[in-house]
Each structure stands twice: as C-alpha cells, then as structure tokens.
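The values are calculated or read from the model by the stated rules, or taken from the named source; none is laboratory data. Since the model is a prediction, treat every value here as computed from it, not as a measurement. Counting neighbours? That spans all protein chains shown, and the Cβs are built from the backbone with ideal geometry, glycine included.
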Amino acid sequence: MAYGAVEEECIAWYLPGSLYEEGKSQTFLARVWEQVGEEFPLFTYLKENKTVEPVIEDESTCHEIIEANGKTITERLLAENQGQAVREENEAVRAKSREEAGKCVADGAQQGITAGEGMDAEEESQPEMPAWTTAVEAPSTKDLSMEQLSDFNYLLNNFFVVDPNTTIDSSQMDAASLLGDDLTMKGDNSSPQILIYHTHSQEGYIDSIEGDENTSVIGVGNYLESILWDVYGYQVLHIKETFDLMGGELDRSEAYTYALPVLEQVLAENPSIEVVIDLHRDGVDEDKHLVTEINGKPTAQVMFFNGLSRTVNNGSLDSLPNPYISDNLAFSFQLSYQAAKYYPHFTRCIYLKGYRYNLHVRPKSILLEVGAQTNTVQEAMNAMEPFSVILNKVLKGE
C-alpha cells in the first residue's frame, strides 16, 4: 500500500470529518485543527484560553510525521496479520532445532545400527560417547591393594602432602573409610546438581589473553561445564563472579570471604546441588611444567586441595567449622584413587592445609587446581576430559 493511501486511510479512520469539505481553501493542517476542535470541544476551549501560542510544524513537517506514522501503522497491521504465521514458523524452527540437537553426538560422529541387531529405534538414535570417555585401567605407579592402602604412612606418602601449618593423623586418614563413603549422586538432572565457581577468577595460563575470560580458569570451567552437561547429562550451574578484584586491582586476601555469601545464596536457592567445585590453577616455579599425555593430548596435571580447619599453632579452628571434613577428604581420595587406576600420571597429590576454604558448604566439595601458570590454556582444557571421567565414576559409584 502506498504511503499516500495509508495517510488517507488513517485520517478517514481517526478524523473522518476532515475529508468531508475538501473544496475549502484551508490548508490540510488547518482542517485538522478545525476538525479536532469540533470533535473535542474541551480542546477548543483550552486552545482559545491559552496565552502562549502553540508551536505548529509547517505542512511539510506535518506531512513527514504523517508519512512516518503511516509506515508505523502499516508495520503494525502487517505484524498483526502475520503474527500467527510468524509464531508458527518460529515454533517449527525451534522444533527442528530440538530434533537436530537430539541427533547430535558429543564428538560430532554418529554410529548407525543396522536392523536385526536387537536394538529399537530409540536406541538407534542414542549418541555415541566421545572416544576419550572410555577409560582403560593402566599399570599404576601406586600399589592400590587394601593391604598397602591400610598403611597410614604409605597412604600419606603416596597420595597426600601435608602443609607445615597443619596436622593429620590416622583417625582421619583410613583408606577403608575414605573409599567406603557413599558419594554417589542422589538426585536426578531435573534440577541443578553440580556447581562450578572460581574464588580466584583472574588466574590464567602462559598464553592467556588479558581480559579474555575464555582463556582463564573461567574458560576451563566453561569447558568442564559443557562436558558435564552434554556428555554426562548432569545439570550444572557455573558462577563467573569476580571475588579477587578490589577497585580494579588484584587482591586475593579476602576472596574466600567475598565468595562465601554468594555461594550460600546460590545453594539456598538450589538445594539440589550436591557437588561444589572451586576451580583454580596453581602457582609454581617458572621452570616447572605440570604436563602429562592422556589420549594422545598434552594434559595439565591436577591437584586436589583440602582444608582441615586446624593449624599447628591454634589447634582446631572453632571459628571456621567444617562438619564435612571427612566427606571432603573422601571425595578427594576417591577421585585420586580413580585417577591412579586409569590415568596414573594425571594427579599430583591431595594437598592438606590448615584453613577451611569454603569447603564446608557441601560434603562433596572440592578445590581443584588445574595445572599452573606455566601450562597452556589448551593443556588445561584437555585436563577436563579425564577429570570428568573420574568424577563421573565417583558419582556413579563405579
């Protein structure tokens, strides 16, 4: 429809009287003012008694306004007429996207199953797991027999490093108890199950790009999140808030204090969360490179970190209680045990220190150090694949 026609249609609809006397010598704008006055007497009264003359655009400006309004009305009419069709088209696109997503597989490949192999149609459409999810037991660098693991000194020397500011004894480090703790996932993925966050969100790697969170520990957390969601089907929340910047300056002295209320709020809003992962990277000497090869990929080594809420000087820290110290230790040890079976050089140790580090928020809480500043971003990303394998084994009780 031409805009002139739209203009007339609009006037006929909203001000029909203005078209009845086209033979008059008045300008179009004057006719509009006259018609408005006839149809709205109060407007005429206000106009006549107003001491300040209204500023009225000239005819060309008025025509531009009407033309613009004509475009708007036309667009609105089109939207009203086509809205249902657009909604139907959008729904069809969304349905197609969901269908295609269901056919995708994590590693971009699909395995066809021929008829007659005893598989129904639903099983035929199941995605093939990425090759790296198949973990094969490897010759371990540690003796994993219960006889050896029951030896406190063997366990301590082969799995743990105790910081000089704290202590631990055999009552807290019993292999049978640590391995016997049921840490399987209890809830299903209809609600959040795993939380990932970063107390030190500014930690990066040797080739990280400043200001690009995708090349920092947050980016590594993004990859872990996608694996746990897309490959294993867990529902994951990933907090990316910054706790180690103050006034734009790096300051980690209060990071754990700042992180705690955020954690508590998220967990209060999502009580279904069972696993909490604080993902970091370590700091080491510049000539040290924490890397191994897994599935043909250079892979950053990882370290698990636990707080015991006890220091040598002060004993138990009643101001930093943690009712889940035993569960935290069991979680770290079960992960290390699985790594020792399938990826012997993947984990460095379980490091024990004196404070709490917000590990008291859930029994299955872990502070995970992925490589160090001397690793590449890709090495850290690669580490999330074997880590997700051992995590899934612990959560499934395998």
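Below are the figures for this structure:
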| read-out | value |
| --- | --- |
| Scope the range 212-254; condition within 13 Å of the chain's Cα centre (by Cα) and among the polar types (S, T, N, Q); matching residues | 214, 222, 226, 235 |
| Those residues of the range 222-257 which are buried (at least 18 other Cβ atoms within 10 Å of the Cβ) and of a type in the set (Ser, Thr, Tyr), in sequence order | 223, 232, 234, 256 |
| Residue within the range 307-314 that is of a type in the set (Gly, Ala, Ser), within 26 Å of residue 164 (Cβ to Cβ) and in a strand (DSSP E or B) present | yes |
| Residues within the range 272-294 that are out of contact with any strand residue (DSSP E or B) (no Cβ under 7 Å at 6 or more places or on another chain) and closer than 26 Å to residue 193 by Cβ, tallied | 2 |
| Subset of the range 185-215 [among the hydroxyl-bearing types (Ser, Thr, Tyr) and surrounded by 12 or more Cβ atoms within 10 Å (Cβ to Cβ)] | 197, 199, 201, 205, 208, 215 |
| Scope the range 254-291; condition touching a Pro at 6+ places or on another chain (Cβ under 8 Å) and over 24 Å from residue 330 (Cα atoms); matching residues | 291 |
| Residue within the range 340-355 that is out of contact with any strand residue (DSSP E or B) (no Cβ under 8 Å at 6 or more places or on another chain), buried (at least 20 other Cβ atoms within 10 Å of the Cβ) and not in a loop (DSSP other than H, G, I, E, B) present | no |
| Qualifying residues in the range 152-183 (those that are in contact with a helix residue (DSSP H, G or I) (Cβ under 6 Å, 6 or more places away or on another chain) and not hydrophobic (A, V, I, L, M, F, W, C)) - the one surrounded by the most Cβ atoms within 10 Å (Cβ to Cβ) | 181 |
| Helices (runs of 4 or more DSSP H) lying entirely in the range 142-249 (those with 3 or more residues that are within 30 Å of residue 377 (Cα to Cα)) | 217-230 |
| Cβ pairs under 7 Å, 6+ apart, first in the range 241-252 and in the same structural domain as residue 266 (by TED's automatic domain parsing) and of a type in the set (Phe, Trp, Tyr), second modelled with pLDDT of 85 or more and in a loop (DSSP other than H, G, I, E, B) | 243/199; 243/201 |
| Selection count, the range 357-398, where residues are farther than 12 Å from residue 302 by Cα and part of a loop (DSSP other than H, G, I, E, B) | 9 |
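For every residue, the table says whether it meets (1) farther than 22 Å from residue 235 by Cβ; (2) of a type outside the set (Phe, Trp, Tyr).
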position	(1), (2)
305	yes, no
331	no, no
335	no, yes
340	yes, yes
394	no, yes
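Residue by residue, here is whether (1) within 29 Å of residue 339 (Cα to Cα); (2) assigned to a loop (DSSP other than H, G, I, E, B); (3) in contact (Cβ under 8 Å) with a residue 12 or more places away in the chain; (4) under 22 Å from the mean Cα position of the chain (by Cα) holds:
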{"residue": "256", "(1), (2), (3), (4)": "yes, no, yes, yes"}
{"residue": "262", "(1), (2), (3), (4)": "no, no, yes, yes"}
{"residue": "265", "(1), (2), (3), (4)": "no, no, no, yes"}
{"residue": "277", "(1), (2), (3), (4)": "yes, no, yes, yes"}
{"residue": "280", "(1), (2), (3), (4)": "yes, no, yes, yes"}
{"residue": "289", "(1), (2), (3), (4)": "yes, yes, yes, no"}
